[in-house]
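Worksheet for the structure shown next.
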Amino acid sequence: MSHKVLNNVFLKDLGKIDVTSLKTDLLVIPVSTHTKKNNSFKTLDKLSKGYLNKVCNNHFKDKNAPILLPAMQGIAAKNIMLVKDKDSEAQTYKWLDFFASISAKGNSINAKDIAFLVTGNIPKNKDINWFIETAARSFEAGAYIFSETKNKTAKKPSLRNVHLLVDGLSTKELTAAKKSAKQGFAIGEGMNAAKYLGDLPANHATPRIIERKTKALSKEFPKLKVKSLNEKELAKLGMGSYLSVAKGSDEPPRMMIVEYKGGKASDKPIALVGKGITFDTGGISLKPSPAMDEMKWDMCGAASVFGIMTTLARLNADVNVVGILACAENMPSAKATKPGDVVKSMSGQTIEILNTDAEGRLVLCDALTYVGRYKPSYVIDMATLTGAVVVALGRHASGVMSNDQFLADKILEAGENTGDRAWQLPLWDEYMSCTKTNFADLANIGGGREAGTITAAAFLSKFTEDYKWAHIDIAASAWYSSPKKGGTGRPVPLISELILSKKLK
Ligand code: BES
Ligand code: MN
Ligand code: ZN
């Protein structure tokens, strides 16, 4: 089942409805220099006998915090919240925080709905459609609260609907804006699905549980065809590398394949491959205890693929995409793979497993070989692959490495556009340290502590030579560490935008 929080995000034309009689729990007015010239604001202010204007003048002179006003005579809204608008120079991440914090505020006052006046600034170089899409996406994503494994203390999101109020748009512009709201909402839903799967504790999201949830998608979205391969089927395909990761666990691995055909039958699909390690202890190369709980998010790549597939299906997008969720649990045990063990991958290349904690690349390499049978136009894998990317880029950017510069450029561009940003690292021949082993064709680590993110991608590149491919390392971007702790839903916006914009040709 997908994971939608809001029932819907609606676009409403203020030319047709009267803002004063609008029944809403929370009317949000962004305040900027031109708010006073806005007709809706003027009408509201008049009813408040100049009170709104006065509050704006006094409050935002020296404070930035939003101000929540109770119901007013003659105005149907139960509360009005004045928020300092972002200026048009503000960067995208500030806008994302701005929208998300309004949703959070809505939940905190138990509002069932929000009406947001789209009257204020729009970031420069962006248009109203970008604004509407981004707002819809962020209101949905910001309304998310994880409560599934809370019992006595569960707090569920109160928000059900968001209304974006626009004014002065032509019929044609309104149609476009409605489409943007729909698209943003669907991307926000995809983010929430990814966050939800990631936030589920590992004992609530084993490979078989994720299998069940993925299979359930085809009931909700008949256009999603879901196949699942169990350990026997993976063995039959020769996925010795993938299977080696699950060997130490009592939880059997599962690889799910989700097909979506919305484009022409002759269009080659874009393939998405997600790392789905439902818990990464490191295996025999055991991880240290501090923050090991965070390794429940080691399936965020697979969770993002799940989310993106729901977004595409919900939008009925006219594209062909195949998504793979490569799930397994990495545990130490008497049956576990040991450092130095050699396994044979589906590609035929043998791999010396020098570190069982470099397990992501071991499941991905077989999944990447498998996906070649779809003759994909492009393959993008997303994986919480290396701690090194956390050091290199921090949480603000995902790391991108690719064997095709056009693809890399489009990924970077979609990242800029959505604020779900990525940064490219080189994938030169010099980094192919994985070839240096005396006992197999490849080793799963190499190069010591240097350039860990790139050497991991270099390993994957040995399995992706037949097609155009990019690898996105989301180890830092997919979740927030303590104290905020929770999935971010990234890179769902980036990849959704990339696919929906049809810039991959
Ligand atoms: N899932 C981890 C990567 C990770 C670490 C993500 C910390 C987020 C925070 C991955 O499986 C891993 O353990 N990678 C090793 C590779 C090393 C053994 C070459 C790492 O990064 O330490
Ligand atoms: Mn690991
Ligand atoms: Zn891992």
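Using only Cα atoms, figure out Rg for the chain and give it as a multiple of 2.2 N^0.38 Å.
On the way: Rg = 24.1 Å, N = 505, 2.2 N^0.38 = 23.4 Å.
Normalised Cα radius of gyration, the chain: 1.03.
For the range 298-411, the fraction of alpha-carbon pairs lying more than 16 Å apart is 70 percent, rounded to a whole number. Comparing the range 206-307 with the 2.2 N^0.38 Å rule of thumb, its C-alpha radius of gyration ratio is 1.21 (two decimals).
Here the range 8-195 is treated as a Stokes sphere of Kirkwood radius computed over C-alpha pairs; at 4 °C and 1.567 mPa s its diffusion coefficient rounds to 77 µm²/s. Look at the alpha carbon pairs under 8 Å that are at least 6 residues apart: their mean separation over the length of the range 8-195 gives a relative contact order of 31 percent. Projecting each Cα onto the charge dipole of the range 343-466 (Lys/Arg +1, Asp/Glu -1 at the beta carbon, about the Cα centre), which of Ala458, Ala388, Gly348 comes out farthest on the positive side? Of the listed residues, the answer is Gly348.
Packing-based ranking of 230-236, 369-375 yields 369-375, 230-236, ordered from highest to lowest mean Cβ neighbour count within 10 Å.
Considering the range 118-277, its Cα convex hull presents a mean projected area of 14.4 nm². Here Trp297, Trp130, Trp423, Trp95 are placed in order of increasing Cβ neighbour count within 10 Å, fewest first, which gives Trp423, Trp130, Trp95, Trp297.
Between the listed residues Leu174, Phe60, Ala76, the Cα displaced farthest toward the positive end of the dipole of the range 8-195, a dipole computed from Cβ unit charges relative to the Cα centre, is found at Ala76.
Electrostatic bookkeeping for Ile109 treats Lys and Arg as +1 and Asp and Glu as -1; over the other residues with beta carbon under 11 Å from its beta carbon, the sum is +2.
Judged by the mean number of other Cβ atoms found within 10 Å, the most tightly packed of the peptides 207-213, 148-154 leads the ranking 207-213, 148-154.
Given that compact globular proteins tend to follow 2.2 N^0.38 Å, what is the ratio of the alpha-carbon Rg of the range 137-203 to that value?
Values: Rg = 15.8 Å, N = 67, 2.2 N^0.38 = 10.9 Å.
Computed over Cα atoms of the range 137-203, the ratio equals 1.45.
Using equal-weight Cα scatterers in the Debye expression, the normalised intensity of the range 84-185 in log10 at q = 0.10, 0.23 Å⁻¹ is -0.30, -1.25.
Could you give the DSSP H helices of the chain that reach 27 angstrom or more along their long axis (alpha carbon positions) and whose average Kyte-Doolittle hydropathy is no lower than -1.0? Could you put the intermediate results ahead of the total?
Working: long enough: 171-199 (41 Å, -0.50).
Qualifying helices: 171-199.
Peptides 397-408, 64-75, 489-500, ordered by how many other C-beta atoms sit within 10 Å of their residues on average, highest first, read 489-500, 397-408, 64-75. Under 5 Å from the amide H of Met81 lie the amide H atoms of Leu27, Val28, Ile29, Leu69, each residue being 5 or more positions distant or on a separate chain, with H modelled from the backbone and absent for Pro and chain starts.
Would you mind checking the pairs Lys36/Lys124; Lys296/Lys505; Lys63/Lys179 and listing those with alpha carbons more than 30 angstrom apart? Write out the running numbers ahead of the final one.
Working: Lys36/Lys124 21 Å; Lys296/Lys505 36 Å; Lys63/Lys179 36 Å.
Distance filter (> 30 Å) returns Lys296/Lys505; Lys63/Lys179.
Only DSSP H runs of four or more residues enter the estimate; each adds -39500 (n - 2.57), and after division by the residues of the chain the mean residue ellipticity at 222 nm equals -11000 deg cm²/dmol. Ordering Ser103, Tyr51, Thr92 by the projection of their Cα atoms onto the charge dipole of the range 8-195, which places +1 on the Cβ of Lys and Arg and -1 on the Cβ of Asp and Glu, puts Tyr51 at the extreme positive end. Here the relative contact order of the chain, from alpha carbon pairs under 8 Å that lie six or more residues apart, stands at 14 percent. This model, with +1 at the C-beta of Lys and Arg and -1 at the C-beta of Asp and Glu, gives the chain a dipole about its Cα centre of some 1940 debye.
A short reminder: the numbers here are calculations on the coordinates, not readings from a lab. What you see is a predicted model, and the numbers here were worked out from it, not measured in a lab. Reconstructed Cβ throughout: ideal geometry from the backbone, glycine too, with neighbour counts over all protein chains shown.
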